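Here is the structure we will look at.
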Amino acid sequence: MINTNNDRPGLRALVAVRLSVRTDESTSPKRQREAGEAEARRLGAEVVGYAEDLDVSATRTTPFERPELGDWLARPDDFDVII
């Protein structure tokens, strides 16, 4: 992705996708991923990765305990913003 926003040169985005139950089509992982990519484009950011945690409750699990997001949070120098 080409950075078109000169205010934030080299901004690196992590797109986080979470779904408690995979049956809700309105918040499907694909839609969340697409929305995250659109926001990254709006910010002029490069998507450097995805943290996709499916069947993970937000009320029972902290972000640090999520399998994929937790791994990214342990490496904060790898990204600048979470979408």
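The values are calculated or read from the model by the stated rules, or taken from the named source; none is laboratory data. Here the structure is a predicted model, which is why all the values come from computation and not from measurement. Please note: Cβ atoms are built from the backbone with ideal geometry, for glycine as well, and neighbour counts cover all protein chains shown. Quick note on the areas: whole protein, heavy atoms, side chains included, nothing else; ligands and nucleic acids left out. Shrake-Rupley method; radii C 1.70, N 1.55, O 1.52, S 1.80 Å.
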Quiz item: How far apart, in nm, are the 7 Å Cα→Cβ label points at residue 20 and residue 42?
Solution: 2.5
Quiz item: Which percent of the accessible heavy-atom area of region 24-66 goes to carbon and sulfur, probe 1.4 angstrom?
Solution: 47
Quiz prompt | Highest average packing first - 48-54, 34-40, 60-66, Cβ atoms within 10 Å | solution = 48-54, 34-40, 60-66
